[in-house]
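Written out below as C-alpha cells is the structure these notes cover.
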C-alpha cells in the first residue's frame, strides 16, 4: 500500500514538473519571438508550478525593464522566490537589487 502511494505520489510530482517545464520553455520561445507579454504570463505560470529558473528570469526582466516597466521591487520578489528554490544566480543578484532599492529610497 505504501509503495503504491509513493509511486502515485512520484508520478504526480513528475507530471507536475513536466507542466512547469512546458510553461517555462513555451515562455522562452515566446521571449525569443519578441512576445514579451506571453512570455511573462508563461514564466509566472511555470514559477507558480515550482520551476526554479522561471522566477529568476522574471527577476531579470523586471530588473532590466525588458518588456515590462522596470521595477526593482518586483525583481526582488522574483529573485527571492528563485533563491527559495536554490537558484545561485538569483542569490547573487538579490543583494545587488537590494542595493538598487536602497539607493532609490535614499534619493526620495
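Note on segment 18-52: residues that are more than 21 Å from residue 79 (Cβ to Cβ), surrounded by 13 or more Cβ atoms within 10 Å (Cβ to Cβ) and modelled with pLDDT under 85 total 1. Restricting segment 74-108 to residues that are touching a residue at least 12 places away in the same chain (Cβ under 8 Å) and assigned to a loop (DSSP other than H, G, I, E, B), the residue that is farthest from the chain's Cα centre (by Cα) is 86.
Among what's in segment 44-60 and is more than 16 Å from residue 91 (Cα to Cα) and assigned to a helix (DSSP H, G or I), pick the residue that is nearest to the chain's Cα centre (by Cα). Checking each candidate, the answer is 47.
Scanning segment 61-73 for residues that are in contact (Cβ under 8 Å) with a residue 12 or more places away in the chain and either exposed (fewer than 15 other Cβ atoms within 10 Å of the Cβ) or over 10 Å from residue 97 (Cα atoms) (or both) yields 61, 62, 66, 67, 68, 73.
The values are calculated or read from the model by the stated rules, or taken from the named source; none is laboratory data. No experiment lies behind these values; they were computed from the predicted model shown. Please note: Cβ atoms are built from the backbone with ideal geometry, for glycine as well, and neighbour counts cover all protein chains shown.
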